[in-house]
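A.B. asks: Okay, handing you the structure first.
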Amino acid sequence: MRDEFAILSATRLQSQSRALFLAMFLTIPFVLYASSAGADPRIRYGIPLAMASCCLIGFISLIQDRNASGSPDLARKFIAESTFFSAAICVLVSVWCVLSWVTAPAELRLFYPFTLAMGSLTTIYTLATIRLAAILNIIIGIVPITIILLLSGDPVGWSAAGSLIMVTTFLFRLITSQNDQFINLLMLRHEMRELAHTDPLTNLFNRRALSEHLERQIATGVEQRGFTVALVDLDGFKPVNDQYGHSVGDQLLIQVARRLQQACGENGIVARMGGDEFAILLSPDSAISSSACADHMLSALVPPCVVDDHVIRIRASIGIATWPIDGETAKTLFEAADTQLYAVKNYTAKTRATKRTPPKEARFRSG
């Protein structure tokens, strides 16, 4: 979820920062026009022009496709760059405001904190989802001029400082609340996605999630490195439900799911397709070969399961399909594995029936 938060924050910041940089750039001429005529040219012209250059560079950079949402790493890099860049601009603005306030006539002094407050508060709101950047802008941009206003001895300055403190406090609480709501929304969306992709009984992936994983595996697959799809169907599961009840049957399915997960290891995923049927997707990096997959999975189910003091032995049939030999699409792979699965089940059923039925001569003799 941290990766998703980084991507969404970077995407939001990228879209809003363009307008912010453009607005700040267009404000500079008005700042130059209204600045005190007696100020040092480096303060009156140098710092605003430096700010304009930074805003123009930032705007041009964001017009280009930065692809900040391309990956979590790119998103975090963009956020780090934006935090540094916004702090650097804020330093310029704060220095300009403080030095201009000191050298300006008394009747023009409030122009500078007012201009700084409007720019800083807008920037802070834009950086709302990046808490560190927002806090840095508050400390660098608002705190210095507020302290100067409080120490000025001028009641008008005190009033302005009080207004800055009140507005900044309110904005900070708004940012914190918005940030928390953003995180809660992501958590809710994450939980809904988990519910949509997870089997509620076993906590395995469901059919939908497995299909998505399989599609991605096919899309990124290399023909020389095949992977395996297996369908596992439990034999004789219905009598377990009939004899011990559905509660015991559910616990048995949970144990089977856990064993299949352990048997797959890190390079495989297990999904519950429904009822007593499971599916397995082994990646090309799996140590389990396609030829050994059936024996490996079935051997994991050999030890009896103990559920509510009931010792239950479970059997299973398994069908295997290998990409791209048995199919090049998810549909053909599932069909190939399903065909093999039912061929195995039919063969097993016939074998057991043959073992239970005595030869013809024996039946004649017994009759």
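A.B. asks: Would you pick out the residues in the range 108-152 that are in a loop (DSSP other than H, G, I, E, B), more than 27 Å from Arg76 (Cα to Cα) and not hydroxyl-bearing (Ser, Thr, Tyr)?
C.D. replies: Across the range 108-152, the qualifying residues are Arg109, Leu110.
Residues are listed down the side, and each one gets a yes or a no for (1) assigned to a loop (DSSP other than H, G, I, E, B); (2) closer than 30 Å to Leu252 by Cα:
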| position | (1), (2) |
| --- | --- |
| Ile175 | no, no |
| Asn179 | no, no |
| Leu188 | no, no |
| Glu191 | no, yes |
| Glu194 | no, yes |
| Pro200 | yes, yes |
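A.B. asks: Here's a check for you: in the range 69-105, which residue that is over 19 Å from Pro41 (Cα atoms) and open to solvent by 70 Å² or more (accessible area, probe 1.4 Å) is farthest from the chain's Cα centre (by Cα)?
C.D. replies: So the residue we want is Phe84.
A.B. asks: Another one. Could you grab the pairs with beta carbons closer than 7 Å, sequence gap of 6+ or different chains, first residue in the range 289-314 and without any contact (Cβ under 8 Å) to a residue 40 or more places away in the chain and in a helix (DSSP H, G or I), second one surrounded by 15 or more Cβ atoms within 10 Å (Cβ to Cβ) and not small (Gly, Ala, Ser)?
C.D. replies: From the range 289-314, the pairs are His296/Ile288; Leu298/Ile318.
A.B. asks: Next up: Taking the range 223-245 only, how many residues are open to solvent by 30 Å² or more (accessible area, probe 1.4 Å) and closer than 23 Å to Ala294 by Cα?
C.D. replies: Of the residues in the range 223-245, 6 are open to solvent by 30 Å² or more (accessible area, probe 1.4 Å) and closer than 23 Å to Ala294 by Cα.
The values are calculated or read from the model by the stated rules, or taken from the named source; none is laboratory data. Keep in mind it's a predicted model, so treat the numbers as computed, not measured. Positions of Cβ are generated from backbone atoms using ideal geometry, with glycine treated the same way; all protein chains shown enter the neighbour counts. All accessible areas refer to the heavy atoms of the entire protein, side chains included, with ligands and DNA or RNA removed. Shrake-Rupley method; radii C 1.70, N 1.55, O 1.52, S 1.80 Å.
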